[in-house]
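The values are calculated or read from the model by the stated rules, or taken from the named source; none is laboratory data. Given the structure is predicted, the values throughout are model-derived calculations rather than measurements. Cβ atoms come from the backbone with ideal geometry, glycine included; neighbour counts cover every protein chain shown. To get the accessible areas, we keep the full protein, side chains included, count just its heavy atoms, and leave off ligands, DNA and RNA. Shrake-Rupley method; radii C 1.70, N 1.55, O 1.52, S 1.80 Å.
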Amino acid sequence: MIEDAYTVSAALGLELWYEDEAGPFQTVPQPGASWQPEGQPACQDHEYIRTGTAKLLTLFRPRDGQVRVEGATSCTNEVLHGWLKAALAAMLGDLPPAPPPLAPEAQRAIWLAWQTGLSQPILLPEQLPPLRMLLILDNLAGHTTPSFVQWCVAHGILPLYTPLGGSWLNMAESIQRILRRRAFDGTHPQTPEEIIAWLKAVATAWNLSL
């Protein structure tokens, strides 16, 4: 079902977003090409001063390449879920009004269709809202926290998880590699705050280029 999510969700008019976290990124010299005068190669510090690390929280929409990011110096469930809830709620607010609710049986059938064949389907409540969005996440324990899953379902979002050993199916990983390369190649960030600022800057530039 993960492999077909993009095609099927587009046909049904559902929003599809991928979520992933990259890092931790260290404040160390980064390899990469740079423009230098001939005979004057770029030099990097040989010392590693431990000033902390940063992580990149990412949401990616394959339909148009839109990306939403946040930087963090830690990625506990409290941090990740707090950001996800705020970002997802904002995305839902940007969508057209939800369609009129269907009969409860028909509403449930739509949600259940996306869980066909899953060994551990999500337990759905009796009352279900219209399905508005699919959210693809890696199969990590923090992503399956009941309180977070229940929040998603209550807002019309169905979390789907990549198989164990199949995180490559999460397209957010691809955009994170691009952002990381553009932000860091040939640089030496000095602080976690600098890492976060650079990653946010390249994400903003990416969205403006779409």
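Identify all residues within the range 100-110 that are open to solvent by 60 Å² or more (accessible area, probe 1.4 Å), under 29 Å from the mean Cα position of the chain (by Cα) and of a type in the set (A, V, I, L, M, F, W, C); write none if there are none.
Answer for the range 100-110, where residues must be open to solvent by 60 Å² or more (accessible area, probe 1.4 Å), under 29 Å from the mean Cα position of the chain (by Cα) and of a type in the set (A, V, I, L, M, F, W, C): just 110.
Could you tell me which of the residues 53, 76 is open to solvent by 40 Å² or more (accessible area, probe 1.4 Å), out of contact with any Asp or Glu (no Cβ under 9 Å at 6 or more places or on another chain), within 17 Å of residue 138 (Cβ to Cβ) and among the polar types (S, T, N, Q)?
None of the others qualify; the one that does is 76.
For residue 97, work out the one condition from (1) modelled with pLDDT under 90; (2) buried (at least 17 other Cβ atoms within 10 Å of the Cβ) it doesn't fulfil.
All conditions pass for residue 97, except number (2).
Got a number for residues in the range 154-187 being open to solvent by 60 Å² or more (accessible area, probe 1.4 Å) and not in a loop (DSSP other than H, G, I, E, B)?
6
Does the range 1-50 hold any residues that are open to solvent by 60 Å² or more (accessible area, probe 1.4 Å), modelled with pLDDT of 80 or more, assigned to a loop (DSSP other than H, G, I, E, B) and on the phi < 0 side of the Ramachandran plot, and which are they?
37, 38, 40, 50
Could you count how many residues in the range 111-146 are part of a helix (DSSP H, G or I), open to solvent by less than 70 Å² (accessible area, probe 1.4 Å) and farther than 23 Å from residue 167 by Cβ?
So the count comes out to 2.
Out of all the residues in the range 20-34, is one or more over 26 Å from the mean Cα position of the chain (by Cα) and more than 25 Å from residue 175 (Cβ to Cβ)?
no
Go through 92, 59, 84 for me and flag whichever is part of a helix (DSSP H, G or I) and crowded, with 17+ Cβ neighbours inside 10 Å.
84
Looking only at the range 36-48, decide whether some residue is within 13 Å of the chain's Cα centre (by Cα) and under 24 Å from residue 180 (Cβ atoms).
no
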